[in-house]
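The structure appears right after this line, and notes come after that.
Since every read-out is calculated from the coordinates, none of them should be taken as a lab result. Predicted model only: the values in this text are computed from it and were never measured. We place every Cβ from the backbone using ideal geometry, glycine too, and count neighbours over all the protein chains shown.
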Amino acid sequence: MTIIVCVGTRPDFIKMAPVIFKLEEADADFRILHTGQHYSPDLADIYKEVGIRAPDHHIGGVEDCKTHATKTAKIMIEAESYFLEEKPRMVLVQGDTDHSLACGLAARKLRISLGHVEAGLRSGDWRTPEEHNRRMLDHISEFLFTPTTRSVENLARESAPGVIVLTGNTVVDSLKMVHDQVLMAGAPQVFPYMLLTLHREENVDDVDVLMEIIEGLKMVKDELGTILYPSHPRTIDRLRRFNLFEEMAKQVTITRPLPYVKFLAAIMNAQLVLTDSGGVQEEACCLHVPAVILRESTDRAESLVVGAAMLASGSEEILEASEKMMASSRKWPNPFDPFGDGNAAGRIVDALT
């Protein structure tokens, strides 16, 4: 019987690509459902970048949903309809997005088995929608595919009812798949540079927080040099809405979003990464590039523990953390610790087939 793999954001495609390849190797009967959560033309064709086949079904109209509730409801209704048509034995979701929660709820309401890839992450920050989503998913999933021992401990502490499988993080599988391409891609023309990613709701939807981050970036630029920012559509929209685009453009070099391999090359060749992205935090750690996490908390504390990253929120903290990480040693554990050995997808598929 069919397995349905649900993807909807750029990180989903990147992290689920190794799982899809392993399902193909196992000659499994599966479908790819694209929920449409990332709808920018610059981001929509990520599946081509990571080399997987085109999705079998696409949920349209998500871009018209302007709130968490309407987006989640829209995807849940459409996913239910698709699940009823395909009658899968298993639905696989990844991470902590609204669309993953929507697909997970739709599956469980239809008594379809649910597997959660990247289960057990916890930031303890109840202000963030991602924390709500991942906790709910972890308590309705029958299979909990965890990236680290910390994630296993989080689930055990909460008495999560599903079967816990320690797999490692599929981000490592993806990095290993494209490693040679990344080496060949080379550095961006702006060099030397620090690399910025910024998109989280708590950072860009609050004008005061966004202004504080921009001030921090100004201080970093003045003290340490050029900051390269491959843009995110959500952030550009908020910068324009708050009349802050021109001020941001004074502090960072804004480019269009980079393709996956070129983006990894940009990380690899950066002096420092400033990010509020969990996936980029993992990638920087794996590629031995120091990072400053532009948040008050993180659900990936492993990179803090090994000395690969620091948290920073206020402008002064951003500068101080940037200076410390720029001066830090890059000699944390072997290249892909603490997030796995690159065989996570195989362990996931072995558990399902």
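Using unit Cβ charges (K, R positive; D, E negative) and no other charged atoms, how large, in debye to the nearest 20, is the dipole of segment 170-322 about its Cα centre? Walk me through the numbers on the way to the answer.
Details: 13 positive and 23 negative charges, 144 e Å.
Computed about the Cα centre, the dipole is about 680 debye.
Only Lys, Arg, Asp and Glu count, each charged at its Cβ (+1, +1, -1, -1), so figure out the dipole size of segment 257-353 about its Cα centre, rounded to 20 debye. Present the calculation step by step, with values, prior to reporting the outcome.
Working: 7 positive and 13 negative charges, 65 e Å.
It works out to roughly 320 debye.
Step through the table entries LYS48/LYS87; LYS48/LYS74; LYS15/LYS176; LYS15/LYS71, compare each Cα-Cα distance with 20 Å, and write down the pairs that go over it. Intermediate values should be presented prior to the final figure.
Working: LYS48/LYS87 27 Å; LYS48/LYS74 25 Å; LYS15/LYS176 12 Å; LYS15/LYS71 22 Å.
Table pairs above 20 Å Cα-Cα are LYS48/LYS87; LYS48/LYS74; LYS15/LYS71.
Between [x] 1.05; [y] 0.95; [z] 2.91, which entry matches Cα Rg over 2.2 N^0.38 Å as derived from the coordinates of this structure?
Answer label, from the structure shown: [y].
Given 0.36 nm per residue, what is the gain on full extension from ALA73 to GLU153 after removing their alpha carbon distance, in nm?
Working: separation 80, 0.36 × 80 = 28.80 nm, distance 3.15 nm.
Gain on extension, ALA73 to GLU153, equals 25.6 nm.
Using 7 Å Cα-to-Cβ label points, what is the GLU201/MET136 separation (nm, one decimal)?
1.0
Putting +1 on Lys and Arg Cβ atoms and -1 on Asp and Glu Cβ atoms, find which of GLY307, PRO147, ALA345 reaches farthest to the positive end of the dipole of the chain.
ALA345
Fewest to most neighbouring Cβ within 10 Å: what's the order for ASP125, ASP299, ASP337? Let's see the in-between values first.
On the way: ASP125 14, ASP299 23, ASP337 17.
Ascending number of Cβ neighbours within 10 Å: ASP125, ASP337, ASP299.
Can you give the local net charge around GLU86? Use residues other than it whose beta-carbon is closer than 12 angstrom to its beta-carbon, Lys and Arg +1, Asp and Glu -1. If you can, show how the numbers build up before the last one.
Values: positive: ARG31, LYS87, ARG89; negative: ASP29, ASP56, GLU80, GLU85.
Cβ neighbours under 12 Å give a net charge of -1.
Need the C-alpha centroid separation for segment 64-93 versus segment 125-185, integer Å.
So the two Cα centres are separated by 21 Å.
Given Cβ point charges of +1 (Lys, Arg) and -1 (Asp, Glu) and nothing else, what value in debye, to the nearest 20, does the dipole of segment 2-121 about its Cα centre take? Please report the intermediate quantities before stating the final value.
Values: 14 positive and 18 negative charges, 77 e Å.
Once rounded to the nearest 20, the dipole reads 380 debye.
Mind sorting HIS288, HIS116 by how few other Cβ atoms lie within 10 Å of their own Cβ, fewest first? Provide the component values of the computation, followed by the final result.
Details: HIS288 16, HIS116 28.
Ascending number of Cβ neighbours within 10 Å: HIS288, HIS116.
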